[in-house]
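Asks: Dumping the structure here so I can ask a few things about it.
The values are calculated or read from the model by the stated rules, or taken from the named source; none is laboratory data. Keep in mind that what you see is a predicted model, and the values were worked out from it rather than measured. In this analysis, Cβ positions are derived from the backbone assuming ideal geometry, glycine residues included, and neighbour counts consider all displayed protein chains. Note: accessible area is taken over every heavy atom of the protein model, side chains too, but ligands, DNA and RNA are not part of it. Shrake-Rupley method; radii C 1.70, N 1.55, O 1.52, S 1.80 Å.
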Amino acid sequence: MSRVPSYEEVQQIQSAADVAGRKNWIGATVFTYQWWILVGLAVIPIIIWWRFVDRKKFFEILTYGLLVALVSGLLDAIGVETDAWDYKYDLVPLLDVFIVYDVSVLPVAYMAVYQYCQTWRSFAIANLIVAFVFSFISEPLLIWLDIYHPASWKHIYSFPGYFMLAVLLRWVMDLLKRKSLV
């Protein structure tokens, strides 16, 4: 039977891995073309969103986007922690999640659909398209760019996740809007 490592041993290993990760980021990630792509993906969607967001529904749309960022960040952390996937390049060396997608790309895409698709039918159809694009175009592109590395994960697994994220959070927003009017 193998020995269970102590909490202190685990912390020491994690600390050494964190130091190595930061050194790798400084020496092999920052200012690479992949890193610059991440900078663009972090900034450009926010600028576009800011230009086109409906100011009358700003708080509602932003709340939806923040919920998307929160849930996608949590799911991403679970995926990385369980070794389902990993990222070779990070915008910043502080988090294991794909922060660029979790707080910029995904929320902006979902907020655009939320803003422009008023009926559940149009919302669902648009998010099926978004889920397809993220699962079968974006993920393979990120693999080709050597940014994203699925281990036990397949693109087909992402498709229902992307779709259900949008639908579940719209349902939550509808519930919150109804409760706030009472």
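Asks: Which of the following residues is of a type in the set (D, E, K, R) and in contact (Cβ under 8 Å) with a residue 40 or more places away in the chain: D102, D83?
Replies: Values: D102 fails: in contact (Cβ under 8 Å) with a residue 40 or more places away in the chain.
When all the criteria are applied, what remains is D83.
Asks: Out of E139, E60, E81, report the one residue that is in contact with a Pro (Cβ under 8 Å, 6 or more places away or on another chain) and of a type in the set (D, E, K, R). Break it down into steps so the answer makes sense when it comes.
Replies: On the way: E60 fails: in contact with a Pro (Cβ under 8 Å, 6 or more places away or on another chain); E81 fails: in contact with a Pro (Cβ under 8 Å, 6 or more places away or on another chain).
Selected residue: E139, the only one of E139, E60, E81 that is in contact with a Pro (Cβ under 8 Å, 6 or more places away or on another chain) and of a type in the set (D, E, K, R).
Asks: Yes or no: the stretch 64-81 includes at least one residue that is out of contact with any His (no Cβ under 9 Å at 6 or more places or on another chain), over 20 Å from S158 (Cα atoms) and of a type in the set (D, E).
Replies: So far as the stretch 64-81 goes, no, none of its residues is out of contact with any His (no Cβ under 9 Å at 6 or more places or on another chain), over 20 Å from S158 (Cα atoms) and of a type in the set (D, E).
Asks: Looking at the stretch 1-25 only, could you name the residues that are within 22 Å of I147 (Cα to Cα) and surrounded by 11 or more Cβ atoms within 10 Å (Cβ to Cβ)?
Replies: Scanning the stretch 1-25 gives D18, G21, R22, K23, N24, W25.
Asks: For the stretch 89-130, which positions are in a loop (DSSP other than H, G, I, E, B) and surrounded by 15 or more Cβ atoms within 10 Å (Cβ to Cβ)?
Replies: Within the stretch 89-130, Y89, D90, L91, P93, L95, D96, V97, F98, C117 qualify.
Asks: Okay, next question. Among (1) farther than 23 Å from L62 by Cα; (2) free of Cβ contacts under 8 Å to residues at least 24 places away in the same chain, there is one condition Y116 misses while meeting the rest; what is its number?
Replies: Of (1) farther than 23 Å from L62 by Cα; (2) free of Cβ contacts under 8 Å to residues at least 24 places away in the same chain, only one is false for Y116: (1).
Asks: Something else now. Go through (1) open to solvent by 40 Å² or more (accessible area, probe 1.4 Å); (2) in contact with a helix residue (DSSP H, G or I) (Cβ under 6 Å, 6 or more places away or on another chain) for S135 and report which single condition fails.
Replies: So the condition that S135 fails would be (1).
Asks: So which of L176, L165 is touching a residue at least 40 places away in the same chain (Cβ under 8 Å), open to solvent by 80 Å² or more (accessible area, probe 1.4 Å) and out of contact with any Phe, Trp or Tyr (no Cβ under 6 Å at 6 or more places or on another chain)?
Replies: Every option except L176 fails the conditions.
Asks: Quick check on L66: is it open to solvent by 40 Å² or more (accessible area, probe 1.4 Å), under 24 Å from V172 (Cα atoms) and in contact (Cβ under 8 Å) with a residue 40 or more places away in the chain? Show your work before the answer.
Replies: On the way: open to solvent by 40 Å² or more (accessible area, probe 1.4 Å): yes; under 24 Å from V172 (Cα atoms): yes; in contact (Cβ under 8 Å) with a residue 40 or more places away in the chain: yes.
Yes: the conditions hold for L66.
Asks: Just checking, which of T82, T29 is β-branched (V, I, T), more than 14 Å from P107 (Cβ to Cβ) and surrounded by 15 or more Cβ atoms within 10 Å (Cβ to Cβ)?
Replies: None of the others qualify; the one that does is T29.
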